[in-house]
Amino acid sequence: MFNNFQEIKKFIKENDVKMVDFKVVTLQGKWRHLTIPAERLNEKTFTDGIGFDGSSYGYLSVESSDMRFVPDMATAFIDPYCSVKTLSMIANIYTVGKNEGRFSGDPRYIAEKAEKYMKNLGIADEYVIGPEFEFYIFDTVNFGVENHHQEVHIDSKQAPWNTNSKEDNKGYKAPFQDAYHLALPYDSSNDLRSEIALKMQEMGIDVKYHHHEVGSAGQLEVEVELAPMFKMADNTMMAKYVIKNEAIAHGKTATFMPKPLYGEAGSGMHVHMLLRKNGKNMFYDANGYSELSQDALYFIGGILKHSKALLAFTDPSTNSYKRLVPGFEAPVSICFATGNRTAVIRVPGYVKDPEKRRFEFRPSDATANPYLAYSAMLMAGIDGIKNKIDPTKEGFGPYDVNIFELPEEEQAKIEALPKSLDEALEELRKDHDFLFEGGVFDEFFINNWIDYKYNKEVKKVIPVPSPVEFQLYYDL
């Protein structure tokens, strides 16, 4: 939005801005923020930055947890969810002390390094991606974990379990597992989605469309137009911010949990991707398989070869693996195909424009830190191009059939994705050298990520009994 401090100063004065806010991404991929009165903003803020405790964000420095963030003025926007007029900016993380400079583990910096590495190799000018944001909107959610009581209670007024509700029931409830592209009056969240889409466009995110998804209890989707990876990582953070806050503003609550409801469809974040060089789509070849070029196939080969390790970044929650279950629409088979939703990589059959010919990575979900997930996928694809990893020769397909209808001996030839976060982290521990190329990721970051995810999340979930275990084992 701004190129220099004078432009910011002028904007603040002309628009009567009272507060300036700084958003910093945590290791997990959440925003935290700090706000100052507008009159305290000066040029040194954009050189010296503001100090903070990096350990509270999940960044465990060997030397010290003292860090500083420096705002990126190009990311400035008026925050629509602050009642006091507030100018907000995304910030970059820096170390302090003798090795002062950009923090190598800052997710935004990792994404910058990944794009720079791709360009320095001469592979492409742009890694262009487009995520599909799936999420649930609920009316209420309650949860608690105590040693004698574990409970989750969710309610959605449009859910089929409310057909007999005596509270303001007009009878139009979404049919169970049959709410895809649901129309009014069943689609009670239509106006909310439109408000979300308009707000996202105000924030500079181009929206393709929005619609109701399969999940009857309020599963929705907003899909955005393709954009360069680093910009899309920022946009992903912004999209989640808008969706959550717009839901609250409408008396609802939004979640990107991959599997918040037992028996209902899970929410993913399919990521469409292509490479551009000299303004041209490198993934298009009229004579190639499904009109894909050899470089596109090598890119697919790299992603599939490293897919087990990639899941530690693209599906980094224990809940992710309650969605990735064999036999359902969520893809777990490490292969590629055209128009096949059971494959890890799917080539959309509906794309006819050569400049948009692409494929999508289907397992990922929005619990991911977008800077890390998108960068890791790019690094895997680059590895595929550099080493000419042919997906067909590697046994990854194409499988243009329903994989779960193949004979058992054929199914057995197709490897499956990890079944848990613990397993995905172990795959990353074994397969991460491709991420170190160009200094994009480093060993300390990978070890910190694995330790954080295992100790803060996996170990927290493992010892907690669930109601279904009582159903299975209480009387044994």
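The values are calculated or read from the model by the stated rules, or taken from the named source; none is laboratory data. These numbers come from a predicted model, not from an experiment. Every residue, glycine as well, gets a Cβ built from its backbone with ideal geometry; the counts of neighbours run over all protein chains shown.
Is it the case that region 189-203 has a residue that's surrounded by 14 or more Cβ atoms within 10 Å (Cβ to Cβ), closer than 20 Å to VAL242 by Cα, at pLDDT 95 or above and among the hydroxyl-bearing types (Ser, Thr, Tyr)? Within region 189-203, one or more residues are surrounded by 14 or more Cβ atoms within 10 Å (Cβ to Cβ), closer than 20 Å to VAL242 by Cα, at pLDDT 95 or above and among the hydroxyl-bearing types (Ser, Thr, Tyr).
Conditions tested, residue by residue: (1) without any contact (Cβ under 8 Å) to a residue 24 or more places away in the chain; (2) farther than 24 Å from ALA366 by Cβ.
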position	(1), (2)
GLY29	no, no
PRO37	yes, yes
ARG40	yes, yes
GLY51	no, yes
TYR57	no, no
VAL70	no, yes
ALA76	no, yes
TYR81	no, no
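Of the residues making up region 457-476, those that are in contact (Cβ under 8 Å) with a residue 60 or more places away in the chain and over 19 Å from the mean Cα position of the chain (by Cα) are VAL458, VAL461, VAL464, PRO465, SER466, PRO467.
When region 326-375 is filtered for residues that are assigned to a loop (DSSP other than H, G, I, E, B), at pLDDT 90 or above and farther than 24 Å from GLU126 by Cβ, the ones remaining, listed by number, are VAL332, ASP365, THR367. In region 11-24, the residues that are within 7 Å of ALA38 (Cα to Cα) reach residues that are basic (Lys, Arg) and exposed (fewer than 15 other Cβ atoms within 10 Å of the Cβ) with C-beta atoms within less than 6 angstrom, at least six apart or across chains, in these pairs: VAL17/LYS85; LYS18/LYS85. Within the bounds of region 32-42, is there any residue that is touching a strand residue (DSSP E or B) at 6+ places or on another chain (Cβ under 9 Å) and closer than 19 Å to ASN369 by Cα? Yes, region 32-42 contains at least one residue that is touching a strand residue (DSSP E or B) at 6+ places or on another chain (Cβ under 9 Å) and closer than 19 Å to ASN369 by Cα. Within region 325-337, is there a residue that is in the same structural domain as ALA380 (by TED's automatic domain parsing), closer than 20 Å to MET379 by Cβ and surrounded by 20 or more Cβ atoms within 10 Å (Cβ to Cβ)? Checked region 325-337: at least one residue is in the same structural domain as ALA380 (by TED's automatic domain parsing), closer than 20 Å to MET379 by Cβ and surrounded by 20 or more Cβ atoms within 10 Å (Cβ to Cβ).
Considering only residues that are in a loop (DSSP other than H, G, I, E, B) and among the β-branched types (Val, Ile, Thr), look in region 398-427 and name the one that is nearest to PRO463 (Cα to Cα). Result: ILE414.
Restricting region 288-324 to residues that are among the charged types (D, E, K, R) and surrounded by fewer than 19 Cβ atoms within 10 Å (Cβ to Cβ), the residue that is farthest from the chain's Cα centre (by Cα) is GLU291. All of ALA233, ALA239, ALA249 fail the test of being under 19 Å from LYS157 (Cβ atoms) and in contact (Cβ under 8 Å) with a residue 40 or more places away in the chain, apart from ALA249. Residues that are in contact with a Gly (Cβ under 9 Å, 6 or more places away or on another chain) and of a type in the set (A, V, I, L, M, F, W, C) were ranked within region 259-273; the one that is farthest from VAL128 (Cα to Cα) is LEU261.
Take ASP285 and tell me if it is within 24 Å of ARG357 (Cα to Cα), buried (at least 20 other Cβ atoms within 10 Å of the Cβ), in contact with a helix residue (DSSP H, G or I) (Cβ under 7 Å, 6 or more places away or on another chain) and of a type in the set (D, E, K, R). Working first, answer last.
Details: within 24 Å of ARG357 (Cα to Cα): yes; buried (at least 20 other Cβ atoms within 10 Å of the Cβ): no; in contact with a helix residue (DSSP H, G or I) (Cβ under 7 Å, 6 or more places away or on another chain): yes; of a type in the set (D, E, K, R): yes.
Taking the combined requirement at face value, the residue does not satisfy it.
When you look at GLU126, is it under 17 Å from MET232 (Cα atoms), within 22 Å of the chain's Cα centre (by Cα), at pLDDT 95 or above and surrounded by 20 or more Cβ atoms within 10 Å (Cβ to Cβ), yes or no? Considered against the rule, which asks whether it is under 17 Å from MET232 (Cα atoms), within 22 Å of the chain's Cα centre (by Cα), at pLDDT 95 or above and surrounded by 20 or more Cβ atoms within 10 Å (Cβ to Cβ), GLU126 comes out as yes. Scanning region 193-225 for residues that are over 23 Å from TRP31 (Cα atoms) and among the hydrophobic types (A, V, I, L, M, F, W, C), we see that the one that is farthest from the chain's Cα centre (by Cα) is ALA217. Of all residue pairs spaced 6 or more apart or on separate chains, those with beta-carbon atoms under 9 Å, a first member in region 144-173 that is more than 25 Å from HIS250 (Cβ to Cβ) and in contact (Cβ under 8 Å) with a residue 60 or more places away in the chain and a second member that is polar (S, T, N, Q) and surrounded by fewer than 12 Cβ atoms within 10 Å (Cβ to Cβ) are GLN150/SER466. For region 91-117, give me each residue that is hydrophobic (A, V, I, L, M, F, W, C) and crowded, with 21+ Cβ neighbours inside 10 Å. Once the filter is applied, which keeps residues that are hydrophobic (A, V, I, L, M, F, W, C) and crowded, with 21+ Cβ neighbours inside 10 Å, region 91-117 yields ALA91, ILE93, PHE103, ILE110, ALA111, ALA114. The set of residues in region 153-188 being surrounded by 14 or more Cβ atoms within 10 Å (Cβ to Cβ) and either small (Gly, Ala, Ser) or not in a loop (DSSP other than H, G, I, E, B) (or both) consists of ILE154, ASP155, SER156, ALA159, PRO160, ASN162, ALA174, ALA179, SER188. For the criterion of being on the phi < 0 side of the Ramachandran plot, modelled with pLDDT of 95 or more, part of a strand (DSSP E or B) and under 24 Å from the mean Cα position of the chain (by Cα), LEU34 passes.
Only one of MET273, MET257 is assigned to a loop (DSSP other than H, G, I, E, B) and modelled with pLDDT of 95 or more. Can you tell me which?
Values: MET273 fails: assigned to a loop (DSSP other than H, G, I, E, B).
Being assigned to a loop (DSSP other than H, G, I, E, B) and modelled with pLDDT of 95 or more holds for just one of MET273, MET257, which is MET257.
Can you tell me which residue is nearest to ALA424 (Cα to Cα) among those in region 280-316 that are without any contact (Cβ under 8 Å) to a residue 12 or more places away in the chain and not in a helix (DSSP H, G or I)? Quick ask: steps written out before the conclusion?
Here is the first cut: in region 280-316, the residues without any contact (Cβ under 8 Å) to a residue 12 or more places away in the chain are 285, 287-288, 293-294.
With not in a helix (DSSP H, G or I) added as a condition, the list becomes 285, 287-288, 293.
Values: ASP285: 34, ASN287: 36, GLY288: 33, SER293: 30 Å.
Among residues in region 280-316 that are without any contact (Cβ under 8 Å) to a residue 12 or more places away in the chain and not in a helix (DSSP H, G or I), the one nearest to ALA424 (Cα to Cα) is SER293.
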